[in-house]
Amino acid sequence: MAKAETAYRTIAEVSDLLQVQPSVLRFWETQFHQLKPLKRMGNRRYYSAEDITLVTRIRDLLYKEGFTIKGVQKKLKEKEDVPESQTEAPISAAPVAEFISELTAIRDSLKPFLD
């Protein structure tokens, strides 16, 4: 069974998902103050969906768009300076998937009555 989209992910899971070494993720924490995964006993890191979105953005800016670390820092800072009312809320597929799952369960429970 797969984890829910809103579930926290370990550094190993995020590393596998984004094809980035765990050491790179730890380094990015030191370079981008916005990246603050939850740390539990033994400094184990757990990434929220928002953290994963941020890490994906950092990776894409660095590796796909060719920004430097300083360039990414500046780009992320610019986004912080935009008033919240001007930023779009992130779209999550989790509520849609849950809704579809509920509808499917209802449909399946009504099938005997439709036949």
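Of note:
- Restricted to the stretch 1-49, and to residues there that are aromatic (Phe, Trp, Tyr) and in contact with a strand residue (DSSP E or B) (Cβ under 6 Å, 6 or more places away or on another chain), the residue that is modelled with the lowest pLDDT is TYR8.
- Candidate set: the stretch 87-109, residues that are under 30 Å from VAL20 (Cβ atoms) and part of a helix (DSSP H, G or I); chosen: the one modelled with the highest pLDDT: GLU98
- When the residues of the stretch 4-38 are filtered to those that are in a loop (DSSP other than H, G, I, E, B) and polar (S, T, N, Q), the one that is surrounded by the most Cβ atoms within 10 Å (Cβ to Cβ) is GLN34.
- Residues in the stretch 30-59 that are out of contact with any helix residue (DSSP H, G or I) (no Cβ under 9 Å at 6 or more places or on another chain) and touching a residue at least 12 places away in the same chain (Cβ under 8 Å): SER48, GLU50, THR53.
The values are calculated or read from the model by the stated rules, or taken from the named source; none is laboratory data. Model, not experiment: these values are computed from the prediction. Heads up, the Cβs are rebuilt from the backbone with ideal geometry, glycines too, and the neighbour counts pull from every protein chain shown.
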